[in-house]
Amino acid sequence: MIGSGAGGGTLTYALAPTGLRILLVERGDYLPREIENWDPRAIWLDGRYNNAGRWTDADTGKRFTPKQHYYVGGNTKFYGAILFRMRERDFGAVAHVDGVSPAWPLDYRDFEPYYTRAEHLYQVHGARGVDPDDPPSVAPYPHPPITDEPRIAQLHADLHKAGMHPFPLPNGILIDEARPQTSACVRCATCDGYPCLTNGKADAQVVCVDPALAFGNVTLLTGARVDRLEAGPSGRSVERVILTRGGRREEYSADIVVLAAGAINSAALLLRSASPRHPQGLGNSSGVVGRNLMMHNNSSLIAFSKIPNPTRFQKTIGVNDFYFGDPRADDDWPYPLGAMQMLGKSDAVLIGFDAPEADDPAELARHALDFWLTTEDLPRAENQVSIDHDGGISLRYRPTNLSAHTRLRRRFVELLDAMQCRDQVLENYSYRGGRLGISGVAHQNGTARFGTDPRTSALDVDCRMHDLDNLYLADSSFFVSSSAVNPTLTIIANALRVADHLSERLGAPARAAVAPV
């Protein structure tokens, strides 16, 4: 297993009870638990936990620092823990202003039971049926929604009065509001982009990797960068996983190899693993590996409440009224716009990053209300991961559906008065990944799409590479389209689906993942 994030960590956890020998390989180490976990200067100014190096913008040749992290738990150590299901219609073809988002080879019904399992595993808090686009489910959320603090409760009422349908965000937070004395989450303001000092966030390390390591058949290898996958003489199977650890080359072999390094790194590794049998990159006879990169159109916006906002845990409300269209359009606009949701609370340090001219950032922070807007981007072959002459990562990416995103932002601004906010917003460029352009890779997906036709897809519907018998992908590479919701729950659900397939293939049906005493 290569990669310990939402895909690799979850798959390891699901297979741990089978008794199969599992080696989990992670490029990073455990992220240190220290007070700097919650320090905005350490996170955003000093880049204390940045360890992905520098990548290249293929269009400009400029180097940049990506929002990518290599730690046990992967990027979930820094994610915002909002765990949406894709909408039922997202699995079909959807017309957008810049083209058609293609249909998946499986539909929502194929993923629904795995979404339910994923929500229970990652302890999601939420409420069914309040979101107007909430897809059907056979079970309620495992935990009730996180309560709104007073200013957010007022915001909820104001949005409802304005004709919107606000709903509780599905939060993967390890919070117990009935018993706060034992709750891992202490309801702080540092979920988005911060690691959790109290282990109160349902990240892949806390929820999956550490419990899986209680099984004697699971081994974790940290500080291990996989350099290359080598196929055997037939070209039909991976025979060697070659990595560097502690400055030394090591080789491993396995009956099944699962790659879950993230959509960008997985594609880059496959391209680096080219050979005479696989001249375009390992498993890339289709030519799609590295192509169709999607990252969403995201904006992080700060509105300023006319009344103080002393909220600590702010991310409890979403609005999807504009997800599949624009009910307020006066021009017969027929296309989706996207989703709105609350973000973690900005403080004076963060306000100061984006408004250095402000006379009193602390006063602005006392009135800040933070929002995240997401519009779907489309798979385009020219949006691509490639490798430099030295094996480094190079990205070419130009967004789509920008006019839809601009319209979504305009609809948000039109709600400011109803939300009892001032009529201006602050673009939050330096924080949380909003509008960062090519470096904002937190929602990366689509670089090795799955499908039924080996000529147009890299993976089959079980996420095995068409060209290889023993190589699977279990991160967001398999996505055919990106939808306009956070991708993590779909990655987790798919990892559970792939785990079921592998346990059946290997004749080792999984038991309940309860570690031995």
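Listing for the model above:
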item: Two-site FRET efficiency, R109 against T182, from Cβ-Cβ distance with R₀ of 30 Å, rounded to 0.05; result: 0.20
item: Rough spin-label spacing in nm, given labels placed 7 Å along Cα→Cβ, for R41 and D388; result: 3.2
item: Backbone N within the range 402-428 under 20 Å of label point (7 Å from D360 Cα along the Cβ vector); result: 421-426
item: S234-E251 pseudo-label distance in nm [points 7 Å out on the Cα-to-Cβ vector]; result: 2.0
item: S439 versus Q424: modelled label distance in nm, points set 7 Å from Cα along the beta carbon direction; result: 2.5
item: Per residue solvent-accessible surface (Å²) - the chain, probe of 1.4 Å; result: 38
item: Fully extended contour minus Cα-Cα distance, from R48 to K306, at 0.36 nm per residue; result: 89.4 nm
item: Residues listed by number, the range 219-242, amide nitrogen under 13 Å from S275 label point at 7 Å toward C-beta; result: 228-242
item: Within straight-line cross-link reach of K67, lysines at Cα separation under 30 Å, skipping those fewer than 8 residues along the same chain; result: K77, K201, K315, K345
item: The chain - percent relative contact order, Cα under 8 Å, separation 6 or more; result: 23
item: The chain shape via C-alpha gyration tensor axes, a/c threshold 1.5; result: prolate
item: Förster-model FRET efficiency, 41 Å R0, A348 and T222, C-beta, rounded to 0.05; result: 0.70
item: Environment charge of S183, counting only residues whose C-beta is closer than 15 Å and scoring Lys/Arg +1, Asp/Glu -1; result: +2
item: Beta bridges per DSSP with both ends in the chain, % antiparallel, nearest 5; result: 75
item: Sulfur and carbon atoms: percent of accessible area, the chain [1.4 Å]; result: 51
item: Mean ellipticity per residue at 222 nm, deg cm²/dmol - from DSSP H runs of n ≥ 4 across the chain, formula -39500 (n - 2.57); result: -5000 deg cm²/dmol
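The values are calculated or read from the model by the stated rules, or taken from the named source; none is laboratory data. The model shown is predicted, which means the values in this text are computed figures rather than measured ones. Neighbour counts run over all protein chains shown; Cβ positions are idealised from the backbone, glycine included. Only protein heavy atoms, including side chains, enter the accessible area calculation; ligands, DNA and RNA are left aside. Shrake-Rupley method; radii C 1.70, N 1.55, O 1.52, S 1.80 Å.
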